[in-house]
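Worksheet: the structure to be examined is printed underneath.
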Amino acid sequence: MSQIDDPAARDGGVVGALEEHLLGQAPHLTQEQVAAAAGVPLATANELWHLLGFAHVPDDAVAFTDADVRALQLASDLVRLGVLSAERQEGLVRTWGRSFARLADWQVALLADVAREMGAEPTEGLLAVSDEVMPRVEQLQSYVWRRHLLSAGARLMAESTSGASATLAVCFVDIVGYTSRSRTLTDRELVAWLESFETAVLQLTVDRGGRIIKNIGDELLIVADSPEAMADIALALTARGADADDPFPAVRAGVAYGEVVTRLGDVFGPVVNIAARLTSVARPSTVLVDLGAYEALSGRTVAHDEDHPDDHAGDRAGDRAGEHGEDEAGGSSYRFRRLRRVSVKGYSRLKVWVLQGSPPGR
């Protein structure tokens, strides 16, 4: 689908040519004509257009092609098959819109860089490389999607729980000193720095059996099926950040373990919230874990009403923290230091431990 701000008037027709190239033909239909050809009510066509994240199009604007007709027909088929039910429709289509918008932004920036390296203007270069590059990108994109679909299907089959919940280890990883560092970088340098960080985290996470759910500014949300895998990921990331010879930035992490709600590739619930709160109070290069993660990693059960001797001292986590002494966790490679109960927004007096140990491979 095309943008309607008439960019061709400003770019000498390059965007129009790119539009025709990518969509297979020049726009020749209005939105009403598209809806009629697809056999879809105009109101439904307008709703899908907005849910996919595109701007409003005047009713009389000749802005669409046969590809738009086919897209509406496919969406209508999914509704008829029960895949896009009324309750799923908005969430699913919004997820597609957000995901593809971000992917397209990155791909266009990449192709513009390639065009510059070829000595061409970005707009003209996009058209020049589209013939050779775009079919390969499209095929690779489809392959990656199918492989991830297979992995997600395998995880679903392996889950013993029913419904939209799963027992997962959840971790937030936050860059220490992001604000001050970002002020010293140009926009281009900041993007490159964040992309380098995300790439390093992705490689380490996947190698240890985890997966990145999303990034939120300078923070990444990671999940893993096992608490051990997540502990190893968090310890490895904080160890890299603490290494003065490693360009990887200093980070802090919070890990929680328990039942979460899964929806459209995202995770929700108290376990996710607790992991986020722990990250916000963790000291640099430190991993904090909640009660669920501690019990899963240590093999020990903490009584619900068990108090730490310093639970009522009220200090911030990590500042003169009270201890039971180092807990060796039943012979595993993990050690724990019990902190005073932590009070954060929405959660009063959480039981919290500092996770310690040597991450595998270091």
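The values are calculated or read from the model by the stated rules, or taken from the named source; none is laboratory data. Source: prediction; values computed, not measured. When we count neighbours, we look across all protein chains shown, and the Cβ atoms used for this are built from the backbone with ideal geometry, even at glycine.
Find all pairs meeting these conditions: Cβ atoms under 8 angstrom apart; at least six residues apart or on different chains; first residue within the stretch 237-261 and on the phi > 0 side of the Ramachandran plot; second residue of a type in the set (Phe, Trp, Tyr) and assigned to a helix (DSSP H, G or I).
Here the result reads none, with nothing in the stretch 237-261 linked to a residue that is of a type in the set (Phe, Trp, Tyr) and assigned to a helix (DSSP H, G or I).
Within the stretch 178-190, does at least one residue satisfy the condition of being aliphatic (A, V, I, L, M) and in contact (Cβ under 8 Å) with a residue 24 or more places away in the chain? If you could, list the steps in order and put the result at the bottom.
Let us first name the residues in the stretch 178-190 that are aliphatic (A, V, I, L, M), namely 185, 190.
Filter once more, so that each one left must be in contact (Cβ under 8 Å) with a residue 24 or more places away in the chain: none.
Checking the stretch 178-190: not a single residue is aliphatic (A, V, I, L, M) and in contact (Cβ under 8 Å) with a residue 24 or more places away in the chain.
Run down Gly346, Gly322, Gly357, Gly361 and say which single residue is within 32 Å of the chain's Cα centre (by Cα), modelled with pLDDT under 90 and surrounded by 14 or more Cβ atoms within 10 Å (Cβ to Cβ). Full working, then the answer.
Values: Gly346 fails: surrounded by 14 or more Cβ atoms within 10 Å (Cβ to Cβ); Gly322 fails: within 32 Å of the chain's Cα centre (by Cα); Gly361 fails: surrounded by 14 or more Cβ atoms within 10 Å (Cβ to Cβ).
The unique qualifying residue is Gly357.
Could you list, in sequence order, all residues of the stretch 197-231 that are polar (S, T, N, Q), without any contact (Cβ under 8 Å) to a residue 24 or more places away in the chain and part of a helix (DSSP H, G or I)? Quick ask: steps written out before the conclusion?
Initial filter on the stretch 197-231 (polar (S, T, N, Q)): 199, 203, 205, 215, 226.
With without any contact (Cβ under 8 Å) to a residue 24 or more places away in the chain added as a condition, the list becomes 199, 203, 215.
Selection gives Thr199, Gln203.
Got a number for residues in the stretch 246-282 being of a type outside the set (S, T, N, Q), buried (at least 16 other Cβ atoms within 10 Å of the Cβ) and outside any helix (DSSP H, G or I)?
So the answer is 15.
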